[in-house]
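What follows is a set of notes on a single structure, which appears directly below.
Nothing in this text is a laboratory measurement; each read-out follows from the coordinates by a stated rule. Note that the structure is a prediction, hence the values are computed from the model and not measured. In this analysis, Cβ positions are derived from the backbone assuming ideal geometry, glycine residues included, and neighbour counts consider all displayed protein chains.
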Amino acid sequence: MTNDNFSRMYTPPDSSLDDYDALIDYALTIDGYRYAEEIWQIQPFTQEHWQKVQSFKQKGRWSGSFEDLRACLFAYQRRIRWVESGGCDREGRREFMKIYRALCKAWEKRERHTTEKNSDGTRR
């Protein structure tokens with residue numbers, strides 16, 4: 001991934017947002033197509049890609065690295081856009097919001113880990 005894509009990957013999510021329409025732009029700040037090709041090494045929006053996206057959902061809960069969840073959020077937004085050409089995709093929007101909440105938790109965990117790691121390094 002390019003440096004620009006890399007830096008946009010780490011745009012923090014706003015945990016106060018809870019509306020799909022308010023989050024569309026955030027979902028699209030990364031190139032999820034490129035992430036699928038370069039990181040997951042699969043072609044975007046194939047059966048294999050959708051299986052990869054779904055692999056981060058275990059027992060009804062989304063989990064994974066911050067980066068992988070960002071790619072899942074992107075994939076769901078693209079899917080919703082395609083499905084909604086015929087009407088509102090309520091189920092897709094619900095899953096999108098679940099991914100977003102998991103993404104916010106992954107960001108918080110990542111930030112805690114980074115803070116702890118940095119504070120360990122300064123004690124020496």
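Please find the FRET efficiency linking K57 to E116, where r is the Cβ-Cβ separation and R0 is fixed at 30 Å, and quote it to the nearest 0.05. Numbers along the way, then the final one.
Values: r = 28 Å, r/R0 = 0.93.
So the FRET efficiency works out to roughly 0.60.
Charges on Cβ only, +1 for Lys and Arg, -1 for Asp and Glu, centred on the Cα centroid of region 19-122; of Y100, A22, N118, which one is farthest towards the dipole's positive end?
Y100
Please compute the modelled spin-label separation between V83 and S7, points set 7 Å along Cα→Cβ, answer in nm with one decimal.
3.5
Could you name the lysines in cross-link range of K117, using Cα to Cα under 22 Å and dropping any fewer than eight places away on the same chain?
Counting by Cα, and skipping residues close in sequence, K117 has these lysines nearby: K105, K109.
Give, rounded to the nearest 20 debye, the magnitude of the charge dipole that the chain has about its Cα centre when Lys and Arg contribute +1 at Cβ and Asp and Glu contribute -1 at Cβ. Present the calculation step by step, with values, prior to reporting the outcome.
Working: 22 positive and 20 negative charges, 111 e Å.
Approximately 540 debye in magnitude.
What are the ³J(HN,Hα) values, in whole Hz, obtained from phi via the Karplus relation 6.51 cos²θ - 1.76 cosθ + 1.60 with θ = phi - 60°, for each residue of region 76-89 in sequence order, with x given for Gly and Pro?
These are the phi-based 3J(HN,Hα) values: 5, 4, 5, 5, 4, 4, 5, 5, 6, 5, x, x, 5, 9 Hz.
Under a plain spin-label model, where a point goes 7 Å from the Cα along Cα-to-Cβ, how far apart in nm are D14 and Q41?
3.8
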